[in-house]
Amino acid sequence: GNKHGVFSSFGPYYIGLQGRMKSLSTGGYIIPITQQRYKNPRQVYSISGLAKLNPLLDTVFLRNYTDTTKNDEDVQDVIQLPAGQGYLLAGGQADTSIDSFASVLLLKTDNNGNILWKHTYRKTSGNNEKATSISLLADGRILVGAYTEDLEGVAGDVYYRHTPWFMLLDTTGKLLKDRVWGVGFTGGATVFPDAN
């Protein structure tokens, strides 16, 4: 078979951390991407982006979105909005000029991948929080699956606890309702559209 690659002058992609590729209603595909690079002395930083491919897997466009002077971003999922309203991407962003903790990131672009708006959301301070999935509901609202990552310490042992966090938003990115599930979970939240 054929192999196709999406290339950028920024740097290589995270292996295994490309977001979920989605088929477009107009044909072709859209892929949220995260690229990483090293700063000296060997500090990894990453940028978010979006690639659109035609049905033959040729690159239509590739966009990078991160301010690399202070932000470290990744995107994990994307949805196409109806009636040519563009795309919504979900992931995480850490403002490294303030602290290294990530917040949930939501980006809206037009049909050409140009940013229309960008919002971040935090539930708690001192924790990493990232979105792992996004879905469009039948009534036009947006459901985001995310998690909070709490650093725990017990008897000298340190570990992270991931707690599912679900967010309901409108199409402008306004948070309508959210819910962090109880303790004891070890994974993030993932949402998928229901065929019904």
Most packed first (mean Cβ within 10 Å per residue), the peptides 71-78, 48-55, 104-111, 83-90 order as 71-78, 104-111, 48-55, 83-90
Between ASP67 and THR190, how many nm apart are label points set 7 Å from Cα along the C-beta direction? 3.3 nm
Net +/- balance of residues flanking ASP110 in space, Cβ distance below 15 Å, scoring K and R +1, D and E -1: +4
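Read the figures in this text as sums done on the coordinates, not as results from a lab. A quick note: this is a predicted structure, and the numbers were derived from the prediction, not measured. So basically every Cβ, Gly included, is an ideal-geometry build from the backbone, and we count neighbours across all protein chains shown.
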